[in-house]
Each structure stands twice: as C-alpha cells, then as structure tokens.
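Report on one structure; see the data block that follows.
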Amino acid sequence: MSKGKNRMMHCGLGMGLLVWSAWALASGSVTGNFQAQITIQDTCAITTTPTNLNFGTQGVLVSNVDTSSTVKVTCTTGASYNIGLDAGSYESVSNDVNTRRMSDGASHYVSYNIYTDAPGGSVWTNTVGAGTLSSSGTGVEQSFTVHGRVQPQTTPVAAAYADTVVVTVSY
C-alpha cells in the first residue's frame, strides 16, 4: 500500500469511528405530548368593596338629600347577572325595600331609599326581574352607580344614623 492510500484508509476509519461513537451516544429518541387545559365557568365577584352611601351632615330634613356610591363587579365574559340590594337592617316592614331606614342605634330613624337609575327613580330591590340591575359580564371590572335619596320627613333627634345594605350578585 502506498502512503496516500494508507492515509485515506486511516481517515476513513477515523470518520467511521466518529459516526459510530456519535450513534452510540445518541442511540434513539422518543417523543410525546401533553395538553394544557383550563375550564372557565360562569362566575362573578364584587371586586371592590362598595363605597358607602354618604348623605353627609344635615340639619332639618325639609328637602331631598341626594347622593351616590358605586358597586364594582367582575363576571366572566358573557355571563348574565343581576345585582340586588336588600331592604337594609332597619326596614320598617320586613324585607320591604320601600321602607329602608337608617338608625341611631336607639329607636330613632331616618327614612331613605336606593335607586337603580336616578334619585327618586326605580327602587333597587333584591328580587331578580323586579328591580335588580342586570348586565352581562365583560371579563373586566364594571362599575354601577347606586343612587340614594333622603326625602323630606319629620327630623328625628340629632345623632349619627346608619344602615347596612347587603349587595347580592346572582348569575
């Protein structure tokens, strides 16, 4: 054998050993797959604590005192829902939203009401289909104005008056 052929043979053997050693190190592979999954269900949340309906400091109640607050709700996109407000803690007739009252903690009251559209408008109730506010979810927070009115009435004793109203989101 000549030197040239001998070198070529050694090169060929060297290349073969490289290919064989690469094949020996990576002798096979397999693949598989998986899925990422999530199930979204219709749901709603009161996403921010509702702001208080604050009628401020008043003297005699001889004219309307109007104010507003906000309820913020987040529901899944497309979810139909209703926001209801109960009659409060001191209604003069049980569960009657037309007799909402604030109390001084004794036996003195200031009558008021809450409306879905404007002070003195449609009374906001807790009965779906009869005075609740309905909407459809957008997937982001939505704000709703709560309109309040204290109408002229016999002014009770000077004191701080309050009531607690429960917000219910039905979906």
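What the table shows:
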item	result
Karplus-derived 3J(HN,Hα), 6.51/-1.76/1.60, for each residue of the range 77-82, Hz, glycine and proline x	4, x, 6, 7, 8, 10
Mean-position separation - Cα centroids, the range 148-163 and the range 106-144, in angstrom	19 Å
Relative contact order %, the range 44-170, counting alpha carbon pairs below 8 Å whose residues are six or more apart	36 percent
Hz values of 3J(HN,Hα) by residue in the range 32-46 - Karplus curve (6.51, -1.76, 1.60), Gly and Pro given as x	x, 8, 8, 10, 9, 9, 8, 10, 9, 10, 4, 7, 9, 8, 7
Built amide H within the under 5 Å cut-off of Leu61, gap 5+	Gln153, Thr155
Sequence-distant residues sharing a close amide H with Thr76 (under 5 Å, placed H)	Thr43
Taking His147, His108 and counting other C-beta atoms within 10 Å, the order from fewest to most	His108, His147
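Rule-based calculations on the coordinates, nothing more; no lab input. From a predicted model like this one, the values you see are computed outputs, not experimental measurements. Counting neighbours? That spans all protein chains shown, and the Cβs are built from the backbone with ideal geometry, glycine included.
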